[in-house]
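First up is the structure itself, then whatever we jot down about it.
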């Protein structure tokens, strides 16, 4: 019954947001931002964490998602949440790839300059509040993952922290890919409730 109420409520906000309703867009952003923040933050490669602002990735992701809502066919709240997460993770992957390419290119152009010193200068440009906010998001995510039961925690860890494919996870836990996806979705629901 609760899932049906969530489906109906979210469906209505998605419909309104797809028509440009700013209130509905804010509601969706506020509802899904905490989960997407910790999930994307956890996927940032360790060596790049100081160069990435999760909020920039999320704002860009939500902008893309809201533009795509005109063509999105709502089925369930669970499917919508998974779709939003995939938009955010795709945006993050694009930024990581661009950053890696830019770093390689910049390193070639500035050969002879100490790359680590340039990286340290960037790290120093972060404000203490930015560093604390990033650490808090990582801590909240890890706490939410740790609170999951062992089978769900294992699937989330393999998918989000180890970047394994559905087929790799399914083979490891000896379940079908569909079962793994359902359990992953269940884990995201549990985590979102903890993060709200």
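What pairs can you find where one residue is in segment 184-196 and more than 18 Å from residue 137 (Cα to Cα), the other is at pLDDT below 80 and not in a loop (DSSP other than H, G, I, E, B), and their Cβ atoms are less than 7 Å apart, with a gap of 6+ or different chains? Close Cβ pairs satisfying both conditions: none exist. Check every one of the helices (runs of 4 or more DSSP H) wholly within segment 38-147 and list those with 1 or more residues that are at pLDDT below 75. So the answer is 77-109, 115-124, 128-147.
Among the residues of segment 148-179, write down those that are part of a helix (DSSP H, G or I) and either surrounded by 18 or more Cβ atoms within 10 Å (Cβ to Cβ) or modelled with pLDDT under 85 (or both).
Initial filter on segment 148-179 (part of a helix (DSSP H, G or I)): 150-161, 166-173, 177-179.
Of everything in segment 148-179, those that are part of a helix (DSSP H, G or I) and either surrounded by 18 or more Cβ atoms within 10 Å (Cβ to Cβ) or modelled with pLDDT under 85 (or both) turn out to be 152, 155, 156, 157, 158, 159, 160, 161, 169, 170.
The values are calculated or read from the model by the stated rules, or taken from the named source; none is laboratory data. Quick caveat: nothing in here was measured; it's all calculated off a predicted structure. Glycine also receives a Cβ, built like all others from the backbone with ideal geometry; neighbour counts cover every protein chain displayed.
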